[in-house]
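Just below is one structure, and these are the notes that go with it.
The values are calculated or read from the model by the stated rules, or taken from the named source; none is laboratory data. Everything numeric in this text was worked out from a predicted model, so none of it was measured. Cβ coordinates were reconstructed from backbone atoms using ideal geometry, including for glycine residues, and neighbour counts include every protein chain displayed.
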């Protein structure tokens with residue numbers, strides 16, 4: 001059993017050694033600006049949204065709305081062979097009974113057609129296609145914003161875990177030094193076996209925390225690599241320094257919220273609903289189409305009065321159609337179009353309320369954490385002084401192991417709280433930029 005415990009301790013210490021000596025210089029350094037740049041270019045969701053935007057742009061052409069003429073090249077040919085019987089209305093021609101007959105017909109033409117009037121349906125359809133293109137552009141902007149915020153969150157999660165990893169390494173070193181000292185003191189009779197066990201428990205606890213942090217750090221890197229569409233096992237470190245703009249004003253941000261892309265998106269959807277109503281109204285109007293052909297026609301028959309006829313020339317057509325009654329289908333569509341407009345207005349109001357709520361909550365989070373940064377900075381300075389003095393007194397035998405352990409844990413927790421407040425405040429700042437439609441411009 002003792003041999004097993006000894007081997008277990010050696011394995012644990014070897015693993016800790018690998019963590020402690022892991023060379024940082026072997027890893028690439030990733031800045032937040034580089035993260036944003038890679039995310040915009042490589043994120044799969046952004047690429048898909050960009051493709052949807054390109055499709056909508058391809059659709060927003062006059063021809064897709066029916067505003068351009070159509071040109072068709074048409075042709076046909078037929079041949080018939082059989083027996084024919086013919087009786088004529090006058091006696092000038094002799095009747096034919098079961099005469100072998102051959103008939104052929106060849107047609108070819110180029111046709112141009114154009115819708116002159118359809119109740120402005122084509123014009124409103126063109127406006128709708130352009131609005132749909134605008135919607136896809138805004139959706140692309142929203143996807144980029146979401147990807148930037150998501151990237152920033154995981155970036156600062158990694159920064160926090162890096163710092164926590166560094167803190168845990170220091171805690172392990174302190175606990176290891178304490179364990180060694182007490183072990184020596186125990187050998188000389190100046191410390192009890194209980195003191196040794198207590199130091200070993202603290203060392204094991206700090207070691208477990210270090211290992212857990214290493215696992216969390218690796219998982220967070222994998223998530224960010226996935227967002228950036230990189231190899232999952234790509235290793236890197238991030239810059240832990242945080243620059244926070246502490247001068248953001250709530251009233252200014254509230255004015256800029258009107259430019260929020262989610263609001264702009266819903267406003268465009270409302271415009272589309274209004275355009276759909278106009279398109280539906282056009283169904284109550286007549287349709288006028290013009291068309292013309294320039295073509296060739298040849299017909300041959302051995303049983304006809306005219307055995308060979310050829311035409312080459314132009315033919316024009318004007319067609320008018322007006323659906324006067326369709327079982328109230330048009331009226332139903334018009335009523336539903338009006339309801340869609342009202343629903344879009346309500347959705348727009350809901351989006352505005354939601355964004356104003358998010359702005360208020362995020363700004364409170366932003367200001368509260370900025371205040372916490374100042375408090376935690378002072379608290380950390382106090383914790384460092386307290387730990388330095390506690391360490392001196394502990395090694396001089398003037399402080400109990402429990403009090404020393406409390407000072408050690410408090411120091412680590414103070415550093416973690418300060419780091420967390422810094423990162424939460426920075427994410428809140430970026431979210432304020434997102435809510436006020438500034439995050440992409442600031443990134444650029």
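Some observations on this one:
- Within this structure, residue 367 fails the test of being farther than 27 Å from residue 129 by Cα and in the same structural domain as residue 112 (by TED's automatic domain parsing).
- Some residue of segment 270-293 being under 23 Å from residue 151 (Cα atoms), out of contact with any helix residue (DSSP H, G or I) (no Cβ under 9 Å at 6 or more places or on another chain) and either outside the structural domain of residue 430 (by TED's automatic domain parsing) or modelled with pLDDT under 95 (or both): no
- In segment 284-306, the count of residues that are under 26 Å from the mean Cα position of the chain (by Cα), loosely packed, with under 13 Cβ neighbours inside 10 Å and farther than 30 Å from residue 110 by Cβ is zero.
Okay, residues lined up against (1) in contact with a helix residue (DSSP H, G or I) (Cβ under 6 Å, 6 or more places away or on another chain); (2) at pLDDT below 90; (3) crowded, with 18+ Cβ neighbours inside 10 Å:
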position: 87; (1), (2), (3): no, yes, no
position: 112; (1), (2), (3): no, no, no
position: 115; (1), (2), (3): no, no, yes
position: 124; (1), (2), (3): yes, no, yes
position: 131; (1), (2), (3): yes, no, yes
position: 161; (1), (2), (3): yes, no, yes
position: 185; (1), (2), (3): no, yes, no
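- So residue 335, is it under 28 Å from residue 238 (Cα atoms) and surrounded by fewer than 17 Cβ atoms within 10 Å (Cβ to Cβ): no
- Given (1) touching a strand residue (DSSP E or B) at 6+ places or on another chain (Cβ under 8 Å); (2) within 25 Å of residue 434 (Cβ to Cβ); (3) exposed (fewer than 14 other Cβ atoms within 10 Å of the Cβ), number of the condition residue 239 does not satisfy: (3)
- Complete set of residues in segment 394-437 that are in a loop (DSSP other than H, G, I, E, B) and either touching a strand residue (DSSP E or B) at 6+ places or on another chain (Cβ under 9 Å) or within 18 Å of residue 361 (Cα to Cα) (or both): 436, 437
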